[in-house]
Amino acid sequence: MSQQPNKLTPFFENLNFERDDNTMVINFGPQHPSAHGQLRLVLELDGEQVVKAYPDIGYLHRGIEKMAENMTYNEFLPTTDRLDYIASTANNYAYALAVEKLLGIEAPRRAQVIRTMLLELNRVISHLFFLATHALDVGAMSVFLYAFREREYAMDLMEDYCGARLTHSSVRIGGVPLDLPAGWLENLAAFCDKVDYEVEHTYEALLTENRIWKMRLEDVGVISAEEALSWGCTGPMLRGSGVKYDIRKEEPYELYSELDFDIPVAETCDSYGRYRLYMEEMKQSTRILRQLIPMYKKTEPRLMAHAPQYISAPKEEIMTQNYALMQHFVLVTQGMRPPKGEVYVPTESPKGELGFYIKSEGEPYAYRLKCRAPSFFHTGLLQEILVGTYIADVVTIIGTTNIVFGEVDR
Amino acid sequence: MRKYTPKDNVQGKSYYTDRFWVAPRVPREEVEEGSHFETVVNALGSQVKESYIEVGQLVVHIDASENFAVIKTLRDECGYKQCSEQSAVDYLAQDGEFELFYQLLNHAEAKRVRVVCRIKKGEAIESIVPLYKSANFAEREMYDMFGIKVNNHPFLKRIIMPDDWEGHPLLKTYPLHGDEFASWYEVDKIFGKEYRDIIGPENRDPAKVERYDTKRFSRVGYEVPFGADISEGEKEQAIEYSETILVNYNAGTKQLDERK
């Protein structure tokens with residue numbers, strides 16, 4: 001007897017859950033702990049094998065693109081924290097960079113060093129979170145605790161810098177709001193040592209040659225290079241399929257063209273290869289952070305770009321000079337007016353290619369803002385790679401795609 | 001006389017714009033001879049209506065009916081193996097048109113091309129899912145947000161909004177706080193439309209503060225007993241402090257902060 005729609009059971013459950021054949025339809029999520037937030041995955045099962053998978057998204061939709069059309073450029077920046085809330089500086093930065101490209105300005109050197117540091121620190125935070133939740137999904141409870149311990153240290157560093165642990169808003173259009181506090185660089189260096197040690201002696205020692213871990217991950221969720229390209233996979237998902245493409249290297253922004261780092265690639269195309277890739281990327285991030293520490297000391301103290309038409313003058317100028325105060329007043333009350341034009345700026349966020357498309361009509365409000373979120377396309381991929389796998393592997397594959405629903409639903 | 005507010009674009013607008021303000025334009029560059037982008041423009045031939053380079057990326061304007069052929073050429077002949085993004089911009093108020101863009105990426109050359117075309121309101125566009133599977137979700141999102149129909153899409157269905165939603169949220173005519181349908185969505189669905197009068201519009205406003213409600217709202221500056229009726233004006237309540245002092249910091253002579 002099928003369920004009849006009535007007023008109290010809304011009809012979005014209009015699926016036939018009982019079939020005459022041998023398949024069964026189940027809802028995976030949106031409250032499943034392994035669904036990484038708000039993923040509702042409708043799976044059609046034949047025994048334990050998935051016959052059809054249908055990812056249903058939208059449970060975390062807040063209309064961020066709509067809000068962008070109703071906020072001035074500076075007002076919108078803290079909203080971008082809520083996209084990929086695991087690595088919010090990456091979103092702040094991607095948005096700020098897109099607006100800067102539109103304005104044609106560049107952040108001063110010290111701001112660039114700080115931004116690159118924050119971006120890489122965020123990559124470590126995000127990758128540690130990936131490792132923790134992925135290992136927990138697969139069944140390795142202790143890795144979760146160890147990884148969250150190191151993530152706490154990284155979040156302490158973020159807290160020392162900007163005061164927030166999760167929603168940083170630590171980047172501004174045209175630079176950064178604050179200089180590094182005293183002793184921060186020493187803490188960062190200590191953190192890099194800690195992460196390097198823990199990656200090698202804890203996570204990799206626990207997992208890489210672990211029989212259970214290898215059995216659960218090897219040859220699970222295999223994505224060929226053609227498939228990955230066609231489905232719009234970016235970041236670790238693309239490099240995990242053997243395509244060596246990292247936006248930091250190929251289309252460098254900030255200081256990445258001056259830094260020395262490698263792009264790890266996994267040729268096996270499976271979940272295990274992607275896990276190895278994430279571990280390697282964390283090591284590369286600490287390598288970048290170590291190179292940035294001496295670079296910081298050689299920079300001038302200026303933190304915001306000089307563009308009086310778009311960006312307020314430093315506080316001491318506002319407080320002492322009348323014209324700077326007037327411009328600041330106009331910028332705060334009316335908002336900056338970028339030139340007419342459209343821009344698409346890709347950046348390499350921890351999840352993949354995070355790009356902002358901004359269409360400006362010369363108004364203080366963006367005419368259209370489109371956020372190209374990597375997780376959105378990785379969620380689309382699920383409908384193909386889950387078919388033919390077993391229900392136990394579904395969790396592994398969702399974990400390895402590393403999707404965050406803040407940016408899937410936006 | 002009341003000021004007329006345009007209904008075809010209800011998004012945020014600047015409250016003041018200088019009379020003599022003319023917005024500048026982001027510089028557009030010509031496609032350089034001998035560059036990679038020139039081979040792209042030559043490969044597309046007469047299908048290109050306009051082409052220029054804006055902020056380092058090639059922008060190609062084409063006819064909307066040729067979108068599939070143009071993107072197929074870009075993929076097969078110019079090496080653009082990935083469609084990063086695909087969406088639309090609403091120009092219904094100005095031109096009665098949508099502007100669609102396809103953001104393509106060539107990994108070997110590390111170059112990006114944006115293919116731009118315009119369609120009239122009510123027109124459909126050909127799907128590029130046979131070329132790029134990533135367009136599956138992107139085109140569904142475009143249909144959901146703008147109501148643009150996509151021909152030959154394998155499964156054109158709302159993706160982010162509920163299936164039974166009315167209206168397309170990213171249209172310029174759609175207000176930020178939602179329309180009437182949006183505000184009554186759950187009530188209509190669970191109880192039925194006749195319950196709108198019983199529940200009342202004030203209970204659909206999440207920012208509503210009941211002036212005389214002493215059960216759910218505290219009163220700043222006044223201590224009012226829980227559930228007291230204050231609709232007739234509230235009694236002056238003397239603020240009472242506790243008589244028992246737990247720690248009397250004033251009594252001791254010990255200097256807590258040694259710097260002082």
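Readers should treat all values here as calculations from the given coordinates under stated rules, not as data from a laboratory. Small disclaimer: the values here were computed from a predicted structure and weren't measured. Positions of Cβ are backbone-derived with ideal geometry, glycine not excepted, and every protein chain shown enters the neighbour counts.
Evaluate chain B: find the radius of gyration of its Cα atoms, find its Kirkwood radius, and give the ratio Rg to Rh.
On the way: Rg = 30.0 Å, Rh = 24.5 Å.
So for chain B, dividing Rg by the Kirkwood Rh gives 1.22.
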- In segment B:175-230, if every C-alpha pair distance is counted and binned at 5 Å from zero, what percent goes to each bin? 4, 16, 22, 14, 14, 13, 11, 7, 1
- Pick out which of B:Arg114, B:Arg196, B:Arg25 has the largest mean-square fluctuation in a Gaussian network model of chain B, springs linking Cα atoms closer than 10 Å. B:Arg25
- How long, wide and thick is segment A:104-173, going by the Cα atoms along their three principal axes, in whole angstroms, largest first? 48, 23, 16
- Note down the relative contact order for segment B:28-161 as a percent, whole number, built from C-alpha pairs under 8 angstrom at least six residues apart. 19 percent
- Taking placed amide H atoms and a strict 5 Å upper bound, the residues 5 or more places from A:Ser349 or on another chain that come that close are A:Leu354
- Note on the structure: Site A:Glu75, offset 7 angstrom along Cα→Cβ, radius 13 Å on amide nitrogen, limited to segment B:3-33, gives B:11-16
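Per DSSP helix of 4 or more residues, -39500 (n - 2.57); summed, then divided by the residues of chain A. What does that give at 222 nm, rounded to the nearest 500?
Values: 17 runs with 190 residues, N = 410.
It comes out at -14000 deg cm²/dmol, rounded to the nearest 500.
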- Query: Cross-link partners among aspartates and glutamates for B:Lys149, C-alpha distance below 13 Å, same-chain residues fewer than 8 apart left out?
  - Reply: B:Glu123, B:Glu126, B:Glu139, B:Glu141
- Message: Counting only Cα atoms, I'd like the Rg/Rh figure for segment B:106-243, Kirkwood definition for Rh.
- Response: 1.26
- Sorting A:Tyr59, A:His201, A:Leu188 by the position of each Cα along the dipole of chain A (Lys, Arg +1; Asp, Glu -1; all at Cβ), the one nearest the positive end of that ordering is A:Leu188
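Charges only on Cβ, +1 for Lys and Arg, -1 for Asp and Glu: so what's the dipole of segment B:175-230 about the Cα centre, in debye to the nearest 20? Kindly include the intermediate steps, with their values, before the conclusion.
Working: 9 positive and 12 negative charges, 34 e Å.
The calculation lands at about 160 debye.
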- Task: Quick one: compute the contact order of segment B:134-223, relative version, from alpha carbon pairs under 8 angstrom and 6+ residues apart, as a percent.
- Result: 17 percent
- Working from Cα positions, state the angle (0 to 90°, nearest 10) between the long axis of helix A:271-297 and the longest principal axis of chain A. 10 degrees
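Against the globular-protein guess of 2.2 N^0.38 Å, express the Cα radius of gyration of segment B:17-97 as a ratio, rounded to two decimals.
On the way: Rg = 15.6 Å, N = 81, 2.2 N^0.38 = 11.7 Å.
Against the compact-globule rule of thumb, the ratio is 1.34.
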- Item | Under the Karplus curve 6.51 cos²θ - 1.76 cosθ + 1.60, θ = phi - 60°, whole-Hz ³J(HN,Hα) for segment A:125-141, x wherever Gly or Pro sits | 4, 5, 5, 5, 5, 4, 4, 4, 6, 5, 5, 5, 4, 6, x, 9, 5
- Note on the structure: Longest principal axis of chain A (C-alpha) makes with the long axis of helix A:374-385 (C-alpha) an angle, in degrees to the nearest 10, of 10 degrees
- Task: Give A:Lys340/B:Lys121; B:Lys133/B:Lys172; A:Lys194/A:Lys359; A:Lys249/B:Lys157; A:Lys101/B:Lys133; B:Lys3/B:Lys120 a once-over and call out the pairs whose C-alpha atoms are over 32 Å from each other.
- Result: A:Lys194/A:Lys359; A:Lys249/B:Lys157
- Message: Using only the alpha-carbon atoms, how far is helix B:135-146 inclined from the longest principal axis of chain B? Give it as 0 to 90 degrees, nearest 10.
- Response: 60 degrees
- Note on the structure: For segment B:28-161, the Cα gyration tensor yields equivalent-ellipsoid semi-axes (√(5λ), largest first, whole Å) of 25, 17, 12
- Over the protein assembly as shown - Rg/Rh using Cα atoms and the Kirkwood inverse-distance radius: 0.99
- May I ask you to sort B:Glu186, A:Glu69 by Cβ crowding, counting other Cβ atoms within 10 Å and putting the fewest first? B:Glu186, A:Glu69
